[in-house]
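Asks: Input: one structure, supplied below.
Values in this text are rule-based calculations from the coordinates and carry no lab data. Small disclaimer: the values here were computed from a predicted structure and weren't measured. Using ideal geometry, Cβ is built from the backbone for each residue, glycine included, and neighbour counts are taken over all protein chains shown.
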Amino acid sequence: MRIGARVTSSSKRYGSYPSLKNEDIDGCIAYAAELTRERVVPLVHRENAPIYSQEISSSGEDCPEFIRPWRCFACPAFLGEISMSLTELKVTSDALLTKRVLAFSLVYLAIYAIVSWADLFTTKLALQQPFAVETNVFVVSEQGYSASKALTLSVVGAVFLLPFLVFGLVAAQRVSERWLQQPIRSFGKWYLNPFSKQVIDRSPLHMLSIALAFPPIKLLAAGNNWLIAQTGDGPIGWIIGRVSKATSPALGFGLVLGSISILLIFACSPLAALILRRFGAGSKCPPPPAIVQD
């Protein structure tokens, strides 16, 4: 048995410590062996959050590459719902999280439907003005404004935005605390693949911000239409008209609405960060425990 830097015999050891028994020595050895055995213990991320655990071999062959440096202990932020690539996407089966995401998605779709109806309704009112013209080239046909095209565009928008919303909520635990505190600054890094491990710490925040920005965009359009119906002029339409004269109708519409959309995405990012906190974002991995060997 090794004590300090010297190897002592049993007789000397018991002579120095008369109260020791063989059972005491055996217990110490068993305890030391237990401490050196590698394993993962489930940890609770935060209040009302699901508990994650995963058995990982000592060689790290059973765990994803990005988890291997942390395989000696459980870390909810790295054992979250989504893997590092779209083909390896893993969603937690936690019933509570599934219900919360479903409920939030239904509320979002209801709000989206209301503001879309307001946009379509006020558009018809605005077009009753003698000099009013629809500037959205995507809902205009040869006969003029097409309500069916406008409705189809709204439905396509909802189908397009819903995955953004769900991805942001499901991957909430992957978002870094740093970007939750500075959501607007998180947009400083550009990327194309939101599932990349280089940006997974912020991309759910961005996807949710994009989804949250579109109902205000439609509400803003409805307000502009209402002004046209009441006064005969609207600020957004006036700006689009000016830009379209300098470029083209499609480019003018895209530049103006694109700029407004970007500003609203930035403006909605603090709200997105608040929502992600409610869904368990901002977790931090503890540092690996120090291993001291004699």
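Asks: If I model a spin label as a point 7 Å beyond the Cα along the Cα-Cβ vector, how far apart are those points for residue 248 and residue 267 in nm?
Replies: 3.0
Asks: Sticking with the crude label model, points 7 Å out along Cα→Cβ, report the distance from residue 153 to residue 238 in nm, one decimal please.
Replies: The two pseudo-label positions are separated by 2.2 nm.
Asks: Let me know the charge dipole size of the range 95-278 about its Cα centre in debye, to the nearest 20, where only the beta-carbon of Lys, Arg (+1) and Asp, Glu (-1) is charged. Please report the intermediate quantities before stating the final value.
Replies: Details: 15 positive and 6 negative charges, 148 e Å.
With only Lys, Arg, Asp and Glu charged at Cβ, the dipole is about 720 debye.
Asks: Taking every Cα atom in the range 95-278, find the radius of gyration and the maximum pairwise distance Dmax, and write them in Å.
Replies: Every Cα atom of the range 95-278 included, Rg and Dmax give 18.1, 55 Å.
Asks: Rounded to the nearest 0.05, what FRET efficiency do residue 128 and residue 184 have when you use their Cβ-Cβ distance and R0 = 35 Å?
Replies: E between residue 128 and residue 184, to the nearest 0.05, is 0.30.
Asks: Given q = 0.13, 0.19, 0.27, 0.28 Å⁻¹, what are the Debye log10 I(q)/I(0) values for the range 212-255, with equal point scatterers placed on the Cα positions and solvent ignored?
Replies: Per q value, in the given order, log10 I(q)/I(0) is -0.31, -0.63, -0.92, -0.93.
Asks: Roughly speaking, what is the stretch gain from residue 114 to residue 197, that is 0.36 nm per residue apart minus the C-alpha to C-alpha distance, in nm to one decimal? Display every interim value, and only then the final one.
Replies: Values: separation 83, 0.36 × 83 = 29.88 nm, distance 3.65 nm.
Once the chain is fully extended between residue 114 and residue 197, it gains 26.2 nm.
Asks: Can you give the relative contact order of the range 95-278 as a percent, counting alpha carbon pairs under 8 Å and 6+ residues apart? List each step's numbers first, then the result.
Replies: Values: 202 pairs, mean separation 56.7, N = 184.
The normalised contact order for the range 95-278 reaches 31 percent.
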